[in-house]
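Chemist: One structure, pasted below without further comment.
The values are calculated or read from the model by the stated rules, or taken from the named source; none is laboratory data. Here the structure is a predicted model, which means the values were calculated and not measured. Don't worry about glycine lacking a Cβ; one is built from the backbone with ideal geometry, like all the others, and counts go over all protein chains shown.
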Amino acid sequence: MTHNLKLLIYSLMVFFLLSCYDKSVIVIDEKVSSELDFLSLNQDQIHSEHRFFREFIPAKYANLTKNSILIIETKAYHEKKQKSNLSLLKQKISEYEHSQDKLFIYNGIEVPSEKIKNLKNINFSDLEVLEILNRKNAQAIYGHKTQKENIIINTKNPVKDSILP
C-alpha cells in the first residue's frame, strides 16, 4: 500500500470518527481548527494525537465541547515547545541552583544540590518531559521529599546521559 493511499485511508477514518459525534472539536497546536485543516495535515507532520470523550476532556478545553475533542500536536510545534521548555528549565536552574526549597528529579532520580548546575547541559532534542509541580501535586509521587516547587525532567536517552555522573 502506498504512503498516499495509507494517508487517505487514515484521513477518511478520522473524518468518519469526527462525523459520528455531534459538535466534535479539533484542536491543532492548541488552536481550534477545522476538519479541513486536519485533513490537510500530512501524517508525517503529526507528533501526537489524542481523542477525549465527554467527562475526560481536559479542563482547558471543557468550555469548547461536551462531546468529544481531538487534540493534535505537530512536530514543528512540539519542537518549538521543547525549545521554550528548555529555556524555562535553564532559567529555573539558574534561579534555584542554590535554593533549598526546590526539588529536581532527573529521569526519576533526585538531583543532589551540588549537581543541579549540570542540568544546564541538557540538549533540547533529548528533552522528553519538563513539569513543574507544586507541593500538593508532587507529594503523591515523591512523599516527604517534596518541596515548594518540584521540577521533573525526563530525557529520551537516560542511560546515555552524563548529567548525573
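Chemist: Tell me yes or no: at least one residue of region 31-38 is farther than 29 Å from residue 5 by Cβ and surrounded by 13 or more Cβ atoms within 10 Å (Cβ to Cβ).
Modeler: Yes: one or more hits.
Chemist: Continuing with the same structure: Limited to region 108-145, what total is found for residues that are assigned to a loop (DSSP other than H, G, I, E, B) and at pLDDT below 80?
Modeler: Taking region 108-145 and keeping what is assigned to a loop (DSSP other than H, G, I, E, B), we get 108, 111-112, 122-123.
Imposing the further condition that a residue be at pLDDT below 80 reduces the set to 122-123.
The number of residues fulfilling the criteria is 2.
Chemist: Of all residues being touching a helix residue (DSSP H, G or I) at 6+ places or on another chain (Cβ under 6 Å) and at pLDDT 70 or above in region 11-27, which is surrounded by the most Cβ atoms within 10 Å (Cβ to Cβ)? Just the residue, please.
Modeler: Of everything passing the filter in region 11-27, 26 is surrounded by the most Cβ atoms within 10 Å (Cβ to Cβ).
Chemist: Shifting gears a bit: Consider residue 101 carefully, then state whether it is of a type in the set (D, E, K, R) and surrounded by fewer than 15 Cβ atoms within 10 Å (Cβ to Cβ). Write out each step before concluding.
Modeler: Working: of a type in the set (D, E, K, R): yes; surrounded by fewer than 15 Cβ atoms within 10 Å (Cβ to Cβ): yes.
Against the criterion (of a type in the set (D, E, K, R) and surrounded by fewer than 15 Cβ atoms within 10 Å (Cβ to Cβ)), residue 101 qualifies.
Chemist: Residues in region 130-162 that are free of Cβ contacts under 8 Å to residues at least 60 places away in the same chain, aliphatic (A, V, I, L, M) and surrounded by 12 or more Cβ atoms within 10 Å (Cβ to Cβ): how many?
Modeler: Quick first cut of region 130-162, residues free of Cβ contacts under 8 Å to residues at least 60 places away in the same chain only: 130-150, 152, 154-162.
Next, from what is left, pick out any that are aliphatic (A, V, I, L, M): 130, 132-133, 138, 140-141, 152, 159.
Of the ones still in play, those that are also surrounded by 12 or more Cβ atoms within 10 Å (Cβ to Cβ) are 130, 132-133, 138, 141, 152.
Matching residues across region 130-162 total 6.
Chemist: Look at region 52-66 and say how many of its residues are without any contact (Cβ under 8 Å) to a residue 24 or more places away in the chain and not in a strand (DSSP E or B).
Modeler: 9
Chemist: Just a yes or no: is a residue in region 91-98 modelled with pLDDT of 80 or more, within 30 Å of residue 75 (Cα to Cα) and among the aliphatic types (A, V, I, L, M)?
Modeler: Checked against the condition, which is being modelled with pLDDT of 80 or more, within 30 Å of residue 75 (Cα to Cα) and among the aliphatic types (A, V, I, L, M), region 91-98 yields no hits at all.
Chemist: Another question, if that's okay. Would you check if residue 121 is surrounded by fewer than 13 Cβ atoms within 10 Å (Cβ to Cβ), touching a residue at least 12 places away in the same chain (Cβ under 8 Å), out of contact with any helix residue (DSSP H, G or I) (no Cβ under 7 Å at 6 or more places or on another chain) and more than 22 Å from residue 158 (Cβ to Cβ)? So that I can check it myself, show each step before the final result.
Modeler: Details: surrounded by fewer than 13 Cβ atoms within 10 Å (Cβ to Cβ): yes; touching a residue at least 12 places away in the same chain (Cβ under 8 Å): yes; out of contact with any helix residue (DSSP H, G or I) (no Cβ under 7 Å at 6 or more places or on another chain): yes; more than 22 Å from residue 158 (Cβ to Cβ): no.
Spelling it out, it is not the case that residue 121 is surrounded by fewer than 13 Cβ atoms within 10 Å (Cβ to Cβ), touching a residue at least 12 places away in the same chain (Cβ under 8 Å), out of contact with any helix residue (DSSP H, G or I) (no Cβ under 7 Å at 6 or more places or on another chain) and more than 22 Å from residue 158 (Cβ to Cβ).
Chemist: While we're here: Taking residue 114, is it within 12 Å of residue 151 (Cα to Cα), among the charged types (D, E, K, R) and more than 19 Å from the chain's Cα centre (by Cα)? Step through it out loud before you land on a result.
Modeler: On the way: within 12 Å of residue 151 (Cα to Cα): no; among the charged types (D, E, K, R): yes; more than 19 Å from the chain's Cα centre (by Cα): yes.
Here the answer is no, as residue 114 does not meet what is asked.
Chemist: Quick one: what pairs do we get from region 67-92, first residue of a type in the set (Gly, Ala, Ser), second part of a strand (DSSP E or B), C-beta under 6 Å, 6+ apart or different chains?
Modeler: Every condition considered, the pairs that remain are 68/53.
Chemist: In region 28-54, which residues are of a type in the set (Gly, Ala, Ser) and within 9 Å of residue 72 (Cβ to Cβ)?
Modeler: Just the residues of region 28-54 that are of a type in the set (Gly, Ala, Ser), to begin with: 33-34, 40, 48.
Scanning region 28-54 gives 33, 48.
Chemist: Given the criteria acidic (Asp, Glu) and touching a strand residue (DSSP E or B) at 6+ places or on another chain (Cβ under 9 Å), does residue 114 qualify?
Modeler: Values: acidic (Asp, Glu): yes; touching a strand residue (DSSP E or B) at 6+ places or on another chain (Cβ under 9 Å): no.
Considered against the rule, which asks whether it is acidic (Asp, Glu) and touching a strand residue (DSSP E or B) at 6+ places or on another chain (Cβ under 9 Å), residue 114 comes out as no.
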